[in-house]
Amino acid sequence: MSPAVATAARADRALNEALLRYVLRLGDTSLVLGQRLGEWVGHAPTLEEDLGLANLALDLIGQARLLLTYAGEIEGRERDEDALAYLRDAPEFFNLALAEQPNGDFGCTIVRQWLLDAWQLEIYAGLQESTDSRLAAIAAKALKETRYHYRFSSGWLVRLGDGTAESHERVQRAVDQLWRFTSELFAPDEVDERMASAGIAPSLSTAEVRWSAHMDEDLRAATLKRPAAQPYPWHGKRGVHTEHLGYVLAEMQHLQRTYPGARW
Amino acid sequence: MAALIADQATAARERAVWELLAQVPDPEIPVLSIVDLGIVRHVRHGADGRLSIGLTPTYSGCPATEVIRSSVRNALEKHGHAQAAIEEVLSPPWTSDWLTPEAHRKLAAFGIAPPEGAVSSPKQLWRATVVTCPRCGSRATARVSEFGSTPCKAHYQCSACREPFDYFKCL
């Protein structure tokens, strides 16, 4: 192999590895958030919201299936969506740390959802123009579902924030508690930079400006205060998680770990 | 001339498959066929004589997708197309705009309000939507829940006849 060809092959391999990592981040974020929402089934404050949260979970897990199937193909080690979902441990999950945070009360679940819906809205909108046609197709499909999710979560944010003194106080507390996880959403690392320069992923700085505008608009309508930006100690997308992910995976993976290959 | 005849024969074979697929019901709204729903993207007879069918999912997580795939597989096998390939087509994404006019009519007759308007702009969801009651035709209706019994539906109630009903989301 000539040095030029070897360099090109190395560059291809590096791009492929970055793409794999990027697709896993998207897929794992949808999967973990969907699994969290599933915990509400049978427990939500009203039947309508129980249905709502379950439907959000269904869409998110559907998006995760498309993304993890693609990740398995990029990886080329014959791992399908199920192998990736059920047989990886926490350090091999690359979801945003925000997605794995516990449900808390209904207000806290709504705030987590709203923060991530607005993030997905901008990421999927940008990915529609991706040079990777598979990602562009998945994003275009997911985007219209995400718009509906965002209408649901931002609608509830406003009702709770601009509701009773109790609901206002609880939802403001949730915003204050979860805000520290948002800096990870737009903090680019070498994977993001490689994806953006290859035209595969949108620039995070552009997405952040739009996301931030959604935040300000909704918080104003909800009579809530935007917390100050906080430093960025979480690295879910690098596989370094809060202690909560282990519990999510224990429940999600228990059956496949105990009875490998079990089907129904 | 021979090529023209061959083309016509291929077109006739493809038409027959479309007619066959028009008999496959959606498992969640059986009054609609998968062709009415707009999820059959192509029927193609390749030069090698192999048949390929393109299906697209309605929602990413719709549990009906796999049932539909196996119903299509069964229908094809029963009619001598056991070798047909079923491909998943994601782009362009399905929206409720893909419902045929026939589907709108069938939904309303079945008691499900068809989508109002078209999925034209991202802001469409934030506009006030008036949904017509499929039972009494009143436009005085209210949304009960943004989600219903399947991913594609929301739940409404008519203020005139008081009946609850499903609305097929415009999404």
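The values are calculated or read from the model by the stated rules, or taken from the named source; none is laboratory data. Remember, it's a predicted structure, so these values are computed and weren't measured experimentally. Ideal geometry is used to build each Cβ from the backbone, glycine not excepted, and the neighbour counts take in all protein chains shown. Side chains included, ligands, DNA and RNA excluded: accessible areas come from the protein's heavy atoms. Shrake-Rupley method; radii C 1.70, N 1.55, O 1.52, S 1.80 Å.
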For the stretch B:150-168, check the following and say yes or no: at least one residue is open to solvent by 60 Å² or more (accessible area, probe 1.4 Å), within 13 Å of another protein chain (Cβ to nearest Cβ), closer than 21 Å to residue A:143 by Cβ and of a type outside the set (Val, Ile, Thr). no
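This table checks each residue for (1) open to solvent by less than 40 Å² (accessible area, probe 1.4 Å); (2) closer than 22 Å to residue A:67 by Cβ; (3) in contact (Cβ under 8 Å) with a residue 24 or more places away in the chain.
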residue: A:6; (1), (2), (3): yes, no, no
residue: A:10; (1), (2), (3): no, no, no
residue: A:26; (1), (2), (3): yes, yes, yes
residue: A:29; (1), (2), (3): yes, yes, yes
Out of the residues in the stretch B:94-124 that are free of Cβ contacts under 8 Å to residues at least 24 places away in the same chain and farther than 19 Å from residue B:29 by Cβ, state the one that is surrounded by the most Cβ atoms within 10 Å (Cβ to Cβ). B:122
Can you tell me which residue among A:90, A:18, A:97 is closer than 24 Å to residue A:141 by Cβ and either modelled with pLDDT of 95 or more or among the acidic types (Asp, Glu) (or both)? A:18
For the stretch B:98-115, does any single residue satisfy the condition of being in the same structural domain as residue B:24 (by TED's automatic domain parsing), in contact with a helix residue (DSSP H, G or I) (Cβ under 7 Å, 6 or more places away or on another chain) and part of a loop (DSSP other than H, G, I, E, B)? no
Does residue A:113 satisfy the condition of being open to solvent by less than 10 Å² (accessible area, probe 1.4 Å), over 25 Å from residue A:46 (Cα atoms) and more than 10 Å from every other protein chain (Cβ to nearest Cβ)? no
Scanning the stretch B:18-50 residue by residue, the ones that are out of contact with any helix residue (DSSP H, G or I) (no Cβ under 8 Å at 6 or more places or on another chain) and crowded, with 17+ Cβ neighbours inside 10 Å total 1
Can you say whether residue A:41 is farther than 21 Å from residue B:57 by Cβ and open to solvent by 30 Å² or more (accessible area, probe 1.4 Å), as far as the supplied structure shows? yes
Which residues, counting only those in the stretch A:166-211, are in contact (Cβ under 8 Å) with a residue 12 or more places away in the chain, open to solvent by 80 Å² or more (accessible area, probe 1.4 Å) and within 15 Å of residue A:21 (Cβ to Cβ)? A:190, A:194
Odd one out for residue B:63, checked against (1) more than 14 Å from chain A (Cβ to nearest Cβ); (2) over 22 Å from residue A:133 (Cβ atoms); (3) free of Cβ contacts under 8 Å to residues at least 60 places away in the same chain; (4) open to solvent by 20 Å² or more (accessible area, probe 1.4 Å): (1)
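Residues checked against (1) of a type in the set (A, V, I, L, M, F, W, C); (2) in contact (Cβ under 8 Å) with a residue 24 or more places away in the chain:
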residue	(1), (2)
B:11	yes, no
B:19	no, no
B:32	yes, yes
B:35	yes, yes
B:49	no, no
B:71	no, yes
B:88	no, yes
B:92	no, no
Qualifying residue in the stretch B:11-31 (condition: outside any strand (DSSP E or B), over 16 Å from residue B:82 (Cα atoms), more than 14 Å from every other protein chain (Cβ to nearest Cβ) and in contact with a Lys or Arg (Cβ under 7 Å, 6 or more places away or on another chain)): yes
Could you grab me the full set of residues in the stretch A:228-264 that are aliphatic (A, V, I, L, M), over 17 Å from residue A:24 (Cβ atoms) and either in contact with an Asp or Glu (Cβ under 9 Å, 6 or more places away or on another chain) or not in a loop (DSSP other than H, G, I, E, B) (or both)? A:250, A:255
Go through the stretch A:44-86 and report how many residues are in contact with a helix residue (DSSP H, G or I) (Cβ under 7 Å, 6 or more places away or on another chain) and not in a helix (DSSP H, G or I). 4
Failed criterion for residue A:94 (all others in (1) in a helix (DSSP H, G or I); (2) buried (at least 20 other Cβ atoms within 10 Å of the Cβ) hold): (1)
Only listed residue being open to solvent by 50 Å² or more (accessible area, probe 1.4 Å) and within 14 Å of chain A (Cβ to nearest Cβ), chosen from B:145, B:91: B:91
Residue A:34 vs. criteria within 12 Å of another protein chain (Cβ to nearest Cβ), open to solvent by less than 40 Å² (accessible area, probe 1.4 Å) and within 12 Å of the chain's Cα centre (by Cα): yes
Can you find, within the stretch A:44-75, the residue that is farthest from the other protein chains (Cβ to nearest Cβ) among those that are over 20 Å from residue A:120 (Cβ atoms) and open to solvent by 30 Å² or more (accessible area, probe 1.4 Å)? A:75
